[in-house]
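Remarks on the structure that follows.
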Amino acid sequence: MLKIAKQDNFIKFLGTAGARFVMIKQLRASGGIWISCRGTNVLLDPGPGSIVRCSSARPRLDPSLLDGIILTHRHLDHANDINVMIEAMTEGGFKKRGIVFCPQDALFEDPVILKHARNLPQEIRVLKEKSKYKVGNFSFRTSIKHVHPAYTVGLRFKLGNSNISLITDTKYFDGLADAYKKTDTLIISVVFFEPRPTVDHLSLAEAGELIRQIKPKRAILTHFGMTMLKARPHIQAEILTQKLKVEVLAAYDGMTLHF
Ligand SMILES: [Zn+2]
Ligand SMILES: [Zn+2]
């Protein structure tokens with residue numbers, strides 16, 4: 001099992017699947033992202049298989065080490081395993097610990113977090129746009145509200161000396177790039193290879209436009225839909241690197257970034 005040292009700062013992709021078909025076929029895993037910040041461990045968007053991905057990670061990630069779980073929005077590819085991860089974080093509900101962060105609509109309308117699971121963590125905090133939150137040594141801010149069928153926010157946080165932004169599911173809109181300026185590492189959910197204006201997700205060209213405007217030191221593409229997988233994300237990342245003169249990488253399942 002992984003001994004996470006206090007000084008370790010890392011992000012590990014437990015999945016890189018985006019939207020329905022890549023998820024239901026598990027062409028990429030959909031376990032979310034594990035963030036470790038100076039001994040504080042947080043799991044972001046535990047989609048289907050998150051618990052399996054934690055235990056099959058090498059080295060294994062122990063969910064009872066989690067201090068927090070963050071849900072950017074209630075869609076299944078982000079939220080499916082949240083109840084089981086709450087149980088795991090609280091050691092089957094026997095230890096009242098950890099904070100769960102989620103938008104209001106994860107709790108009240110057709111809730112994705114079950115009533116029984118809500119009593120297990122120390123606290124449930126409702127995520128709102130442009131707000132600050134903290135759990136242990138990990139602080140983060142939410143972006144402006146994204147344009148997406150469920151209430152959705154992106155995140156900004158610091159690991160070591162790096163400013164990291166995560167643009168989760170959204171339609172492209174004016175002002176989106178402004179919400180993520182001054183970023184060193186930019187992680188973007190890129191579902192579509194070609195723009196599809198009627199569906200509220202980013203395409204590759206729109207991700208490129210965001211990178212051009214935000215000017216991070218490096219960008220990581222993730223959350224791939226079928227058309228992105230067919231276009232081979234690592235090749236598209238290379239093309240964007242040449243075009244934008246910014247290092248662009250395609251995330252893969254198990255990819256770990258140290259800070
Ligand atoms: Zn999604
Ligand atoms: Zn979504």
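The stretch between Arg97 and His258, if pulled fully straight at 0.36 nm per residue, gains 55.3 nm over its current Cα-Cα span. Computed from point charges on the beta carbon alone (+1 for Lys and Arg, -1 for Asp and Glu), the dipole magnitude for region 72-121 about its Cα centre is near 340 Debye. Summing Cβ point charges (Lys, Arg +1; Asp, Glu -1) relative to the Cα centre of region 47-174 gives a dipole of roughly 480 debye. In a DSSP loop and with at most 11 other Cβ atoms within 10 Å, the trypsin sites (Lys or Arg not before Pro) in region 1-75 are Lys3, Lys6, Lys25, Arg60. For Tyr252, Tyr133, the ranking by accessible surface with the largest value first comes to Tyr252, Tyr133, using a 1.4 Å probe.
The Cβ shell under 13 Å around Pro111 holds other residues with a net charge of 0, Lys and Arg each +1, Asp and Glu each -1. Remark: the Phe10-Asp178 segment gains 57.9 nm on full extension, using 0.36 nm per residue and subtracting the alpha carbon distance. Within the shell of other residues whose beta carbon sits under 11 angstrom from the beta carbon of Glu238, the net charge comes to +1, with Lys and Arg scored +1 and Asp and Glu -1.
Helix 204-214 axis versus longest C-alpha principal axis of the chain: approximately 80°, rounded to the nearest ten.
Between Lys245 and Leu76, the simple label model (points 7 Å from Cα in the Cβ direction) yields a spacing of 4.6 nm. Across the options Ala219, Ala29, Cys102, the greatest Cα extent toward the positive end of the charge dipole of the chain (unit charges at beta carbon of Lys, Arg, Asp, Glu) belongs to Ala219. Site pair Asp110 and Glu129 shows an inter-label distance of 2.3 nm when each label is modelled 7 Å from Cα along Cα→Cβ. Dividing the mean sequence gap of close Cα pairs (under 8 Å, 6+ apart) by how many residues region 66-157 holds gives a relative contact order of 27 percent. Here the dipole of the chain is about 680 debye; that uses its Cα centre as origin and unit charges on the Cβ of Lys and Arg (positive) and Asp and Glu (negative). Listed peptides 160-167, 193-200, 223-230, 175-182 appear in the order 223-230, 160-167, 175-182, 193-200 once ranked by packing, highest mean of other Cβ atoms within 10 Å at the front. Loop-located GluC sites (Glu not before Pro) in region 167-259 (DSSP state other than H, G, I, E, B) with a sparse environment of at most 13 neighbouring Cβ atoms within 10 Å are absent.
For a distance above 32 Å, tell me the whole-number percent of Cα pairs in the chain that qualify. Tail of P(r) above 32 Å: 14 percent of Cα pairs.
For Ile69, the residues 5 or more places off, or on other chains, whose built amide H falls under 5 Å of its own are Leu43, Ile99, Val100, Phe101. For the chain, what does the helix formula give at 222 nm: sum of -39500 (n - 2.57) over DSSP H segments with n ≥ 4, over the residue count, nearest 500 deg cm²/dmol? Taken over the chain, the calculation gives -5500 deg cm²/dmol.
The values are calculated or read from the model by the stated rules, or taken from the named source; none is laboratory data. Everything numeric in this text was worked out from a predicted model, so none of it was measured. Cβ atoms come from the backbone with ideal geometry, glycine included; neighbour counts cover every protein chain shown. Ligands, DNA and RNA are stripped out before the accessible areas are found, and what is left, the full protein with its side chains, is counted by its heavy atoms. Shrake-Rupley method; radii C 1.70, N 1.55, O 1.52, S 1.80 Å.
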